[in-house]
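One structure is given below, encoded as structure tokens.
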Amino acid sequence: MLIVSGLLIPTEAILIPLYETALHLQLIDNIWAIILPGLTNPIGILLLKQFMDGVPRDYIEAAQIDGSRSFRLWWSICLPLTRSAMVSVGIFFFILSWNNFLWPYLAITSEENMILSAGLPTFLSNNNMSLNLIMTASAIAAIPTILVFILLQRHIVQGVAMSGVKG
Amino acid sequence: MKKLALNIAAVLLALLFVFPLIWMFLTSLKPDGVNVYTLADWVNWSDLNTDNYVKVIRDSQILHWTWNSLVIGVLTTVISILLSSLAAFSFSKLPFRTRGYSMC
């Protein structure tokens, strides 16, 4: 319940506390400011928990009788058995991170640390109404994504269908 | 007959989704200042060139930004998958007292 309720909080609601925290940790304009808030995601925990429930209790008990402790149970039994689910969830996380815009846009201030989604608006300005450059930049940003999608189409469709959420 | 109609509907829907992408690529290939708004711009392919690509790659740090995005995406994905998996394992298999409250 508590974990799932984390899904209800939109990014916009926690922007100011997040910025204050990053400021006090001196993480503004550092790529870790983008990585750290993305590390815990309730959807991932929820999905992987459903898959872990599918691992039979007998395996765990057999390993416990053989002397494994918690970490070994996770590393040697549950991790290999849920590998396909982890691939799907991983692709989903990657799409989320790639499409993330608002927080990277605020957290990164210098040009050389920018990420792609935050850098695209720099091609638009008040005195430049031409769309050609920003369209070119968008095309450059889109080409690798399209290639990866064509390569991994099956996994991505499976992952989106499984999690029911589109990035 | 019914299958044909379904196929046509699917193709039309797909075109609807691909249309902005085509517009993006077409505009990016036009010379500076020519925005593809009219039908004449859509069918006139004589002025297509790749100058914009050269200009964007040379004048901005877009390749560097792509690299940053990639690094952040991979790091976030790998670390958060491992953390989520650990949390999921404990919620699924380990007995502890507040488990029922924190995860249904």
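The values are calculated or read from the model by the stated rules, or taken from the named source; none is laboratory data. Keep in mind that this is a model prediction, so the values were computed, not measured. Backbone-built Cβ (ideal geometry, glycine too); neighbour counts: all protein chains shown. Remember, those area values only see protein heavy atoms, side chains included, never the ligands or the DNA or RNA. Shrake-Rupley method; radii C 1.70, N 1.55, O 1.52, S 1.80 Å.
Any chance segment A:100-121 includes a residue that's without any contact (Cβ under 8 Å) to a residue 12 or more places away in the chain, open to solvent by 60 Å² or more (accessible area, probe 1.4 Å) and either facing another protein chain (nearest Cβ under 7 Å) or closer than 20 Å to A:Pro42 by Cα (or both)?
yes
Does A:Arg72 fit the bill of being at pLDDT 85 or above, of a type in the set (Lys, Arg) and either open to solvent by less than 30 Å² (accessible area, probe 1.4 Å) or under 19 Å from the mean Cα position of the chain (by Cα) (or both)?
For A:Arg72, the condition - at pLDDT 85 or above, of a type in the set (Lys, Arg) and either open to solvent by less than 30 Å² (accessible area, probe 1.4 Å) or under 19 Å from the mean Cα position of the chain (by Cα) (or both) - is not met.
Out of the residues in segment B:56-70 that are within 7 Å of chain A (Cβ to nearest Cβ) and not aromatic (Phe, Trp, Tyr), state the one that is farthest from A:Ala85 (Cα to Cα).
Checked segment B:56-70; the qualifying residue farthest from A:Ala85 (Cα to Cα) is B:Val56.
(1) closer than 29 Å to A:Leu15 by Cβ; (2) assigned to a helix (DSSP H, G or I): which one isn't true of A:Thr109, the others all being true?
(2)
Working only within segment B:1-46, note down all residues that are among the aliphatic types (A, V, I, L, M) and within 23 Å of A:Ala141 (Cβ to Cβ).
B:Ala14, B:Leu15, B:Leu16, B:Val18, B:Leu21, B:Ile22, B:Met24, B:Leu26, B:Leu29, B:Val34, B:Val36
Looking at segment A:45-57, I want the residues that are within 24 Å of B:Ile79 (Cβ to Cβ) and have a partner that is modelled with pLDDT of 85 or more and of a type in the set (Phe, Trp, Tyr) with Cβ atoms under 7 Å, at least 6 apart or on another chain. Which pairs are those?
Matching pairs, first to second residue: A:Lys49/B:Phe91; A:Met52/B:Phe89.
Please name all residue pairs, on different chains or six or more residues apart, with Cβ atoms under 6 Å, provided the first residue is in segment A:66-85 and is under 13 Å from B:Lys93 (Cβ atoms) and in contact (Cβ under 8 Å) with a residue 12 or more places away in the chain and the second residue is hydroxyl-bearing (Ser, Thr, Tyr) and surrounded by fewer than 16 Cβ atoms within 10 Å (Cβ to Cβ).
A:Ile77/A:Tyr59
Report, by residue number, each residue of segment A:1-35 that is surrounded by 14 or more Cβ atoms within 10 Å (Cβ to Cβ) and part of a loop (DSSP other than H, G, I, E, B).
A:Leu27, A:Ile28, A:Asp29, A:Asn30, A:Ile31
Can you tell me which residues in segment A:36-69 are open to solvent by less than 60 Å² (accessible area, probe 1.4 Å) and within 7 Å of another protein chain (Cβ to nearest Cβ)?
The answer is A:Gly38, A:Leu39, A:Asn41, A:Gly44, A:Ile45, A:Leu48, A:Lys49, A:Met52, A:Ile60.
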